[in-house]
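Before any comments, here is the structure.
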Amino acid sequence: MANSGCEDVRGEEGESFLYFAYGSNLLTERIHLRNRSAAFCCVARLQDYKLDFGNSQGKTSETWHGGIATIFQSPGDEVWGVVWKMNKSNLSSLDKSFA
C-alpha cells in the first residue's frame, strides 16, 4: 500500500491542517495551482451531506462558467472526496480559490 503522504508536509507539527476536498479540488493538479504543500492523505466519505452545484441564489463561477460545487446537510446521503494535509501558510490561498 502506498504511503498516505500525511506525514510529508514540511514544517513543524501544528503548522498543518486537514482539508476535505470534493469537486475540482479532488484533482492533484487543481489543488496544487494555489496550494503547493497539499499532500494526499486518504479517500474519505462525509456522511449525511449531499453534493450540489450552485446554491439557492443561483451562484455560479465566472472563472469556470458554471455552478459552484457545494455540499449541504442531507440525512442519509454521503459525499465522497479526499483529504489533503496542507501547510497553514496556504490557508489564505485556499480561501481565495473559493472567493
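A short reminder: the numbers here are calculations on the coordinates, not readings from a lab. Keep in mind it's a predicted model, so treat the numbers as computed, not measured. Cβ sites come from the backbone with ideal geometry, for glycine too, and all protein chains shown count toward neighbours.
Details
- Note that region 49-54 has calculated 3J(HN,Hα) couplings of 9, 9, 7, 9, 10, x Hz, one per residue in order, obtained from phi through the Karplus relation 6.51 cos²θ - 1.76 cosθ + 1.60 (θ = phi - 60°); glycine and proline are x.
- Difference of contour (0.36 nm per residue) and Cα-Cα distance, GLU78 to THR28: 15.8 nm
- Note on LYS88 and ASP48: with the Förster distance fixed at 30 Å, the Cβ-Cβ geometry gives a FRET efficiency of about 0.60.
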